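Report on one structure; see the data block that follows.
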Amino acid sequence: MTPFTDRTERFSALKTATFAGLMLPALWIGWRYGAGDLAPLPVKEALHLTGLWSLRLLVICLALTPAQRFLAWPKLALVRRMVGLGAAAYAGAHLSLYVVMQHFDLAQVASEILSRRYLQIGLLALLGLAALASTSTDAALRRLGARWKTLHKAVYAITGLGLLHFFMQAKIDVSAAVLLAGLFILLMTYRLVLARRPVSASRALVFAGLAAAAATLTLECAWYGLASGISPWRVAAANLHIVHGPRPAVLVLATGLAAALAVWVRAASKTGTMKRIWTCLNRRSVLDRRPASARSSAG
Ligand code: HEM
């Protein structure tokens, strides 16, 4: 199987588009590097961008399982593996750039990692990703049998470690880390709700969206409060203003509600509810368009 073909070795447009999508951030980073757009510290900037993309791809990878179920699109399973491998590749590039930043002095790299907690956490996440990537082949799946699923559940812990590493290295603005953490919490809460209660997917998403938004806001307030002494009320109040763009908690809530709406519309269109709503709305608009005299005589 290549990045362009499915299991039957036939051309797959979905896999090809995914591969192109996975390459885009790398090409964009490379292009910006070449154009001098990453100055004054191009390697450090590229290190940041590859780390960010690795984590983003991990969160996208986790979102693909529920998306596969909502959209009833089993082929998404084909690209989940590709996205996971993409996350591992960006993490590998991230470490390589760190080695470049240390002028290829491996002893210095090792000593830095040993002396800084956030780098140790990053290394743990990277080793986890390497273990998952190396067992992502069909042969490994057959060899490991039921243990494969248990091993690959480690992706949740690895994402958690990656997020912790992201928070710990952040200097002042943690918005990007809070947003990714919020989306991760949204996915986890959704799984938990569905596993515990027999509710519809759209209701589970509404609940998960609300709970994850509250957790995201708490995390943001707690982080700024502990790291910079900023009052939690000021941080919470900032979430009510969208002049500088919506805050992470608002985006997490919007994501949960938008997904719930999409799932509900899809389910309703299957059961004919959408058709009934549409017919009802159409009938009302026809009645409203009648002349006023006809409307009043109709009572
Ligand atoms: C041995 C492994 C790793 C090393 C040595 C490492 C090193 C670093 C360094 C030096 C920074 C920048 C810190 C600064 O500017 O002060 C950083 C940032 C970051 N790393 Fe790593 N990292 C590792 C693994 C990972 C992994 C596995 C992930 C993702 C799953 C990751 C995601 C990130 C992110 C998201 C950032 C911040 C990017 C931003 O500021 O936009 N790192 N890392």
Checklist entry - Most fluctuating residue of L78, L27, L180 in a GNM of the chain with Cα springs under 10 Å: which is it? => result L27
Next on the checklist: Restricting to lysines 8 or more places apart or on different chains, can you count the pairs in the chain with Cα atoms under 30 Å from each other?
Outcome noted: 9
Next on the checklist: At 0.36 nm per residue, and after removing the present C-alpha to C-alpha distance, how many nm does the segment from T135 to F104 gain when stretched out fully?
Outcome noted: 8.3 nm
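Would you calculate a helix-derived [θ] at 222 nm for the chain, using -39,500 (n - 2.57) for each DSSP H run of n ≥ 4 and dividing by the full residue count, to the nearest 500? Provide the component values of the computation, followed by the final result.
On the way: 14 runs with 238 residues, N = 299.
Value at 222 nm, helices only, nearest 500: -26500 deg cm²/dmol.
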Checklist outcome for this item: At q = 0.16, 0.19, 0.23 1/Å the base-10 log of I(q)/I(0) from the Debye formula over the alpha-carbon atoms of segment 1-118 is -0.84, -1.01, -1.24
Checklist outcome for this item: In this structure, the FRET efficiency calculated for F70 and Y33 from their beta-carbon separation, with R0 = 45 Å, to the nearest 0.05, is 0.75
Checklist entry - How long is the gain from R284 to I113 if the chain were fully straight, where each residue apart is worth 0.36 nm and the alpha carbon distance is subtracted? => result 54.8 nm
Checklist outcome for this item: For Y156 and R203, extending 7 Å from Cα along the Cα-Cβ vector and measuring point to point gives, in nm, a value of 2.2
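Among the helices of the chain (complete DSSP H runs), which have Cα atoms covering no less than 20 Å along the helix axis and a Kyte-Doolittle mean of at least 0.0?
13-34, 42-70, 76-101, 117-134, 154-169, 175-196, 201-228, 248-271
Just want to confirm a number: the relative contact order over the chain, from Cα pairs under 8 angstrom separated by 6+ residues, in percent. Walk me through the intermediate numbers first.
Working: 269 pairs, mean separation 36.1, N = 299.
Reported as a whole number, the value is 12 percent.
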Checklist entry - Nearest 0.05, what FRET efficiency do K171 and R7 give at R0 = 51 Å with Cβ-Cβ as r? => result 0.65
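What's the FRET efficiency of R276 with R196 using the Cβ-Cβ distance as r and R₀ = 30 Å, to the nearest 0.05? Show your work: numbers first, answer last.
Details: r = 32 Å, r/R0 = 1.07.
With R0 = 30 Å, the Cβ-Cβ based efficiency is 0.40.
Read the figures in this text as sums done on the coordinates, not as results from a lab. Only a predicted model underlies this, so the values are computations on that prediction, with no experimental measurement involved. Every residue, glycine among them, receives a Cβ derived from its backbone with ideal geometry; neighbour counts consider all protein chains shown.
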